[in-house]
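Asker: Got a structure for you, questions after.
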Amino acid sequence: VPESSAGDLLAAARGGNRAALARLLSIIERGGDGARGVGRLTHGLGADAYTIGVTGSPGAGKSTLTSALIRAMRCTGDRVAALAIDPSSPFSGGAILGDRVRMGDHALDDGVFIRSMASRGHLGGLAVAAPEAVRVLTAAGFGWVVLETVGVGQVEVEVAGQSDTTVVVVTPGWGDAVQANKAGLMEVADVFVVNKADRPGADETARDLERMLDMVGDGGSGDGRWRPPVVRTTATTADGVDDAWRAIGDHRAHLEAGGGLDERRRRRAADEVTRLVAAGLMARARAATGGPRAAELAEAVARGATDPWSAADELLADA
Ligand SMILES: Nc1nc2c(ncn2[C@@H]2O[C@H](COP(=O)(O)OP(=O)(O)OP(=O)(O)O)[C@@H](O)[C@H]2O)c(=O)[nH]1
Ligand SMILES: [Mg+2]
C-alpha cells in the first residue's frame with residue numbers, strides 16, 4: 001500500500017469513516033510494508049486512548065464482561081473500541097463470530113467499534129500489530145481501547161500486559177486461580193475478576209487469589225503499592241460489573257497520581273521498539289540463511305569440512 005493511500009484512509013478514519021478504519025486495521029494485521037506505511041503516519045495524532053487489556057482462559061466470559069464494561073465506558077462520553085485478539089488462529093474462526101454475536105448489544109451505537117484481529121503469521125505477529133492498532137484507534141479519536149486476548153499463552157499475556165490496566169478474568173474453581181499463577185498472569189494483573197460468580201466456588205476462588213497475592217507481596221504488577229483488587233462478577237446479568245469498572249478506575253487513578261502511567265507507557269514504547277528490532281534481525285537472519293551459500297555451508301558442516309561457528313560467522317558477515 002503506497003503511503004498516500006494509507007494517508008487517505010487515515011484521514012477518512014479520522015473523519016469518522018468506519019470502513020476506512022477497518023481497512024487500516026486489516027493492513028496492520030497483515031504486517032509487512034503496508035503496516036509500516038501506516039505506522040509511520042499515526043504517531044502523535046490525538047490524545048492517547050486509555051487501554052484496558054482483558055485476558056483469561058477460553059470461555060471465562062471476557063467478551064461478555066467487555067460488552068458490559070463498554071456500557072460503563074460509554075457513560076464517560078468517550079468513544080470505545082474493542083479488539084478481540086486471537087493469536088492462535090490465522091484465519092477468522094468461530095471465536096470471532098462469537099464475539100460479534102456477544103457484543104451485538106452495541107451494534108447500533110456509533111460510538112462503539114468492535115473488531116477481531118487474528119495472527120497472520122508475520123514476524124512479530126500480534127504483539128507488534130496490537131500497539132499499532134491502538135495508535136490508529138487513538139488517531140481516530142477513541143478514548144478507550146479494550147484489548148481482549150483469547151487464551152493464556154505467552155503472546156496473549158504479552159498483548160494484554162501491554163495495556164494501561166490489565167484485567168485477568170478467572171472462573172470459579174481452583175484450577176483457574178492456579179493456572180493464572182502458572183501462566184504469568186499474576187505478574188500482569190492489575191485487577192482480578194472472578195466471573196461466573198453465579199456458579200459455586202466463586203468465594204473460594206477469590207480467596208485463593210487473595211492468598212496468592214499475599215505471597216507475591218506488594219501485588220503483582222510491579223507498580224509498588226498497588227494490590228490488584230479481586231472482584232466477583234456475573235457478566236451475563238451485569239452483576240458486579242460496576243465493581244469491576246470501579247476497580248479499573250481506581251487503578252487508573254493510582255497510575256495517574258504516581259506518574260506510573262507515563263512510566264508504563266515509556267516502558268511499553270521501549271518494548272515495542274525492541275520487538276521491532278528483534279523482528280528486523282530475525283528477517284535478516286532468515287535472508288542470510290535462506291540462500292545457496294547457506295545450503296553449501298550446511299552441507300560442509302554436515303560433512304565435517306567446517307565448524308558451525310565459522311559457517312555462522314560467514315553468513316553473519318553478509319547479513
Ligand atoms: N453462568 C454464567 N455464564 C457466563 C457468564 N459470563 C459469560 N458466561 C457465558 O460463558 C460463555 C462464554 O462467554 P464469553 O464472553 O464468550 O467468554 P470469552 O472469555 O470471551 O470466550 P473466548 O473469547 O472464546 O475465550 C457464554 O456462553 C456466556 O454466556 C457468567 O457470569 N455466568
Ligand atoms: Mg471472547
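Asker: Rounding to the nearest 20 debye, state how big the charge dipole of the range 280-319 is about its Cα centre with +1 on each Lys and Arg Cβ and -1 on each Asp and Glu Cβ.
Answerer: About 180 debye.
Asker: Can you list the residues, at least 5 places off or on another chain, whose amide H is less than 5 Å from the amide H of Val145, using H built in the peptide plane?
Answerer: The list, which skips near neighbours in sequence, is Tyr50, Thr51, Ile52, Ala81.
Asker: With +1 on each Lys and Arg Cβ and -1 on each Asp and Glu Cβ, and nothing else charged, work out how big the dipole of the chain is about its Cα centre, in Debye to the nearest 20.
Answerer: It works out to roughly 620 debye.
Asker: Using a 10 Å cut-off on Cβ atoms, rank the peptides 70-76, 50-56, 125-131, 107-113 from the highest mean neighbour count down.
Answerer: Highest mean packing first, the order is 50-56, 125-131, 70-76, 107-113.
Asker: Once phi is turned into ³J(HN,Hα) by the Karplus curve 6.51 cos²θ - 1.76 cosθ + 1.60 with θ = phi - 60°, what whole-Hz value does each residue of the range 143-148 show in order, with x for glycine and proline?
Answerer: Whole-Hz 3J(HN,Hα) from phi for the range 143-148: x, 10, 10, 9, 10, 9.
Asker: Roughly speaking, what is the stretch gain from Arg30 to Asp318, that is 0.36 nm per residue apart minus the C-alpha to C-alpha distance, in nm to one decimal?
Answerer: Length gained, Arg30 through Asp318: 100.9 nm.
Asker: Taking H as built 1.01 Å from N, whose amide H comes closer than 5 Å to the amide H of Ile85, not counting residues under 5 places away?
Answerer: Here the answer is Met117, Glu148, Thr149, Val150, since their amide H atoms fall under 5 Å of that of Ile85.
Asker: Could you put Leu10, Leu65 in order, starting from the residue whose Cβ has the fewest other Cβ atoms within 10 Å?
Answerer: Leu10, Leu65
Asker: Okay, next question. Please report the relative contact order for the chain, taking Cα pairs under 8 Å with a sequence separation of at least 6, and give it as a percent rounded to a whole number.
Answerer: 18 percent
Asker: Report the one residue of Ala305, Ala294, Gly240 whose Cα lies farthest in the direction of the positive end of the charge dipole of the range 210-319 (charges on C-beta: Lys and Arg +1, Asp and Glu -1; origin at the Cα centre).
Answerer: So the residue furthest toward the plus end is Gly240.
Asker: Right, another one. Mind checking the log10 I(q)/I(0) for the range 240-316 at q = 0.11, 0.25 Å⁻¹? Debye, one equal scatterer per Cα, no solvent, two decimals.
Answerer: -0.56, -1.03
Asker: For the chain, report the % of Cα-Cα distances exceeding 25 Å.
Answerer: 53 percent
Asker: Provide the FRET efficiency to the nearest 0.05 for the Arg14-Arg303 pair, computing r from the beta carbons and using R0 = 45 Å.
Answerer: Once the sixth-power term is evaluated, E becomes 0.15.
Asker: Sort 19-28, 132-141 by packing, meaning the average of other beta carbons within 10 Å per residue, with the highest value first.
Answerer: So the peptides 19-28, 132-141, ranked by packing, come out 132-141, 19-28.
Asker: Per residue of the range 240-254, what does 6.51 cos²θ - 1.76 cosθ + 1.60 with θ = phi - 60° give for ³J(HN,Hα)? Whole Hz please, x for Gly and Pro, Karplus curve as stated.
Answerer: x, 5, 4, 5, 5, 4, 5, 4, 5, x, 4, 5, 4, 4, 4
Asker: Across the range 37-42, in residue order, what do the Karplus-derived ³J(HN,Hα) couplings come to in whole Hz, using 6.51 cos²θ - 1.76 cosθ + 1.60 with θ = phi - 60° and x for Gly and Pro?
Answerer: Couplings: x, 5, x, 6, 9, 8 Hz.
Asker: Assign unit charges at the C-beta atoms only (+1 for Lys and Arg, -1 for Asp and Glu), then state the dipole size of the range 243-314 relative to its Cα centre in Debye, rounded to the nearest 20.
Answerer: Using only the charged Cβ atoms, the result is roughly 260 debye.
Quick note: the coordinates plus some simple rules give every number you see, no bench work behind them. Values in this document were obtained by computation on a predicted structure and should not be read as measured data. Positions of Cβ are backbone-derived with ideal geometry, glycine not excepted, and every protein chain shown enters the neighbour counts.
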